[in-house]
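Okay, so here's the structure we're looking at.
The values are calculated or read from the model by the stated rules, or taken from the named source; none is laboratory data. These numbers were taken from a predicted model, which means no experiment stands behind them. Positions of Cβ are generated from backbone atoms using ideal geometry, with glycine treated the same way; all protein chains shown enter the neighbour counts. Surface accessibility is based on the protein's heavy atoms, side chains included, excluding ligands, DNA and RNA. Shrake-Rupley method; radii C 1.70, N 1.55, O 1.52, S 1.80 Å.
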Amino acid sequence: MYSNIKYVFIDVDGCLTDGKYHYHDNKSISKSFYTKDFWAIEKCLELGINVVILSGCVDKCTFAKFESFKLQLDKDIKGKIDCSFGTKNKWDYILRLIESRGLNVNQFFYLGDAENDIQCISNIKMSFCPIDSSECIKNVLIDSNRNGQISNKKGGEGFVYETLLKILND
């Protein structure tokens, strides 16, 4: 079922993280990521599956995490990782990618959790969300005839890892 996947799109806050920002006395901000998520992302890249990290926000800790992740990747990896931070309209970003690279949505796998993911989840049949997603996202997945589903994992607590295993084990 997942053998034709060429691109995986992953939202950051609420999927790769639990969506919480931690503010510290020295005015720095931090958030936590689930290590196994990055193992699964790397395995997708090794298979030649491209991964696009999408976030409506721009923050130093997310940027730093992905810069360090990209640096530690094997140089001979088949897939490509792209990061787009500050992306307010994720569906427009994906449409531009479709047009510029001659792709179609049947080659996509989308992971999102909130209102700014609705257009993507509505248009990409293989979409998944964590159990703690917004109700509107869950309703889109429940009300439509698609290959996506609501995970039993929370964002930032193994959702991305468990979901990407579907591709890796196909």
For this session: Could you check the simple spin-label distance between Thr35 and Leu95, using points 7 Å along Cα→Cβ, in nm with one decimal?
Result: 4.2
Problem set entry | Cα gyration tensor category, rounded, prolate or oblate, for the stretch 84-149 with a/c compared to 1.5 | oblate
Exercise. Å³ per residue of the Cα convex hull, for the stretch 113-170?
Worked result: 74
For this session: Quick one: among Ile137, Ile124, Ile98, which has the greatest mean-square fluctuation in a GNM of the chain with alpha-carbon springs under 10 angstrom?
Result: Ile98
Exercise. Which percent of the accessible heavy-atom area of the stretch 4-161 goes to carbon and sulfur, probe 1.4 angstrom?
Worked result: 48
Exercise. Helix-derived [θ] at 222 nm for the chain: sum -39500 (n - 2.57) over DSSP H runs of at least 4, divide by residue count, nearest 500?
Worked result: -11000 deg cm²/dmol
Exercise. If you bin the C-alpha pair distances of the stretch 1-47 every 10 Å from 0, what whole percents do you get?
Worked result: 21, 39, 26, 11, 3
Exercise. Given H placed 1.01 Å from N in the peptide plane, which residues other than close sequence neighbours of Ser127 have an amide H under 5 Å from its amide H?
Worked result: Tyr110, Asn147, Gly148, Gln149
For this session: Quote to one decimal, in nm, the extra length available between Leu103 and Asp82 on full extension: 0.36 nm per residue of separation minus the C-alpha distance between them.
Result: 6.0 nm
Problem set entry | Members of Lys78/Lys154; Lys20/Lys60; Lys43/Lys70; Lys20/Lys125 lying beyond 20 Å, as alpha-carbon distances in this model show | Lys78/Lys154; Lys20/Lys125
Exercise. What does the chain give for Rg and for Dmax, in Å, if only its C-alpha atoms count?
Worked result: 15.1, 49
Seminar exercise, completed: When the chain is treated as a Gaussian network with springs between alpha carbons less than 10 Å apart, the largest mean-square fluctuation among Lys154, Lys31, Lys75 is found at Lys75
Exercise. Quick one: accessible area per residue over the chain, 1.4 Å probe, rounded to a whole number of Å²?
Worked result: 51
